[in-house]
Amino acid sequence: MNPETIKNWITKAESDLKVGKDEMQTENPATDAICFHMQQCVEKYLKAYLIFNDKEIRRTHDIGELIKSCSEIDKDFEKLFDINTDELTHYAVEIRYGDEFYFPSIEETKEAIEITEKVKDFVSKKLKEKGFWLEK
């Protein structure tokens, strides 16, 4: 486990969160872009946890699959399914490509941000419990 690698994943995740939250404050927020960045943030936090635990990460955007991989290390990660975290997967690809583009509502976007904040807090706590200190 390379602490610098984990730190880089978390820094990138935080950038996604910041971009999304900043955009949400605009007069006409681009909800599709915000939700995409929320999905990316969650994906990166989960991958950082897997890397911390010396697990190989697959090239996937599937949040449910990543949660399952994390659950093999710590069963507590299964709790993330209770807050519909895996629903963010739809924002990775489907929202950006296809014949019919989808634009999430403001309510859906707020929910995506809330879910992302919960995952961030959850993973940060788990990393701290295992001795990885996240600098603010």
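The values are calculated or read from the model by the stated rules, or taken from the named source; none is laboratory data. Everything quoted here is computed from the prediction, not taken from an experiment. Cβ coordinates were reconstructed from backbone atoms using ideal geometry, including for glycine residues, and neighbour counts include every protein chain displayed.
So the values come out like this:
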{"quantity": "Any hit, the range 18-26, residues being at pLDDT below 95 and either farther than 25 Å from Glu129 by Cβ or assigned to a loop (DSSP other than H, G, I, E, B) (or both)", "calculated": "no"}
{"quantity": "Test: residue in the range 18-41 that is of a type in the set (Ser, Thr, Tyr) and under 14 Å from the mean Cα position of the chain (by Cα)", "calculated": "no"}
{"quantity": "From the options Glu43, Glu129, Glu65, Glu108, residue that is surrounded by fewer than 18 Cβ atoms within 10 Å (Cβ to Cβ) and in contact (Cβ under 8 Å) with a residue 40 or more places away in the chain", "calculated": "Glu108"}
{"quantity": "Residues located in the range 1-40, provided they are in contact with a Leu (Cβ under 8 Å, 6 or more places away or on another chain), of a type in the set (Val, Ile, Thr) and crowded, with 21+ Cβ neighbours inside 10 Å", "calculated": "Ile10"}
{"quantity": "Qualifying positions in the range 13-34 - more than 21 Å from Val123 (Cβ to Cβ) and of a type in the set (A, V, I, L, M, F, W, C)", "calculated": "Met24, Ala30, Ala33"}
